[in-house]
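Quick note: the coordinates plus some simple rules give every number you see, no bench work behind them. Owing to the predicted nature of the structure, the values given are computational and were not obtained by experimental measurement. Positions of Cβ are backbone-derived with ideal geometry, glycine not excepted, and every protein chain shown enters the neighbour counts.
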Amino acid sequence: MCKKLAWVAVAVVVGLVTVNVTGLGGGVSMGAKKLANKLEKKIPPEAQIEQIKHEISQLGPDIDENLDRLAGERVSVANLRKDVKERQAKLDEQKTFLKAMTDQLDSASVQTVSYNGRSLNAERAKTQFARDLAGYKRAKEDVDARQKLLEAKEEALSVAEEQVKAMIDKKAQMEIEVARLETDLKNARLEETKSKFALDDSRLSKIKASMQQVRDKIAVQQEKLKIAGEFGTTAVPSDKAEKTAATDAIREAKELFGNKVAENK
């Protein structure tokens, strides 16, 4: 029952804090905050630790979701990297070809040239060269843009990987910390129990000491009577006096132990 009430208190505190933070409730936010603080102080640490453990456990699905997104982004970056590499290779081949054709077409005496396996006259070859050069420039701009996009994605991926790693490490760290909290709380509860037993033991010790005092008094009285008998003095009390001394000792013991003493009639 106490456990259920503790969880209810936790839920109320969370609800009130949510209302206060989001601004819902308008004029009652200050009152809600005070009530939340008051209730929070009444929540036992065991319930708070259970709530913390629950929240930490919810990090698991969050981490899994981020790992899925991270895996998808890695595949996307890998595909883009492959695409850029293939396009750059084709661009390099086209560049090599265009440089070679530039040397041939730059000669004024050339009449015909072999252009991509075809024999073309100089004018047609130059016209085709202009088209290919324009295509190369467009392709180069496209590859450059893709390369910049790749670099941006790689940087973002690196940041995301660090964030997920930090999240995983933080979760593990918090699990260790909450385990320490549980241990500390158990030790504190154990000390409380020991302290209670110490109080009971103190009372027992006091009673034992009182009983020993009574025993000592009786022993002294008996020893006194024994000594008086040994020396043959008249100080030896009668049986009635001895009984009276014993009765007084019992009365004293009852007073020490808190028992009600019956009045002599």
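Cβ-to-Cβ counts within 10 Å put Ser205, Ser210 in ascending order as Ser205, Ser210, the fewest first.
Note on Leu150 and Glu191: their simple-model spin labels are 6.2 nm apart, each label 7 Å out from Cα toward Cβ. Going 7 Å from the Cα of Leu133 along its beta-carbon direction, which residues of the range 104-123 have the amide nitrogen within less than 13 Å of the resulting point? What the label zone holds, given the 13 Å backbone N cut-off, is 104-107. Neighbours of Asp169 by Cβ distance under 12 Å: Lys/Arg scored +1, Asp/Glu scored -1, total +1. Relative protection proxy for 155-168, 120-133, from highest mean packing down: 120-133, 155-168 (other beta-carbon atoms within 10 angstrom). Taking Lys and Arg as +1 and Asp and Glu as -1, the other residues whose beta-carbon sits under 11 Å from that of Lys153 total 0.
Spread over its residues, the convex hull of the C-alpha atoms of the range 62-178 is 97 Å³ per residue.
Spin-label model, Glu177 to Gln94: label points 7 Å out along the Cα-to-beta-carbon direction sit 5.6 nm apart. The slack between Glu252 and Lys85, meaning 0.36 nm per residue of separation minus the straight C-alpha distance, is 49.6 nm. Normalised by residue count, the range 107-160 yields a Cα convex hull volume of 87 Å³ per residue.
Among residues other than Ala71 with Cβ under 13 Å from its Cβ, the summed charge is -3 (Lys and Arg +1, Asp and Glu -1). Once both labels are positioned 7 Å from their Cα atoms along Cα-to-Cβ, the gap between Ser109 and Asp62 label points is 7.8 nm.
Ranking Asn66, Thr96, Ala122 by how far each Cα lies toward the positive end of the dipole of the range 55-134 (charges on Cβ) leaves Ala122 at the top.
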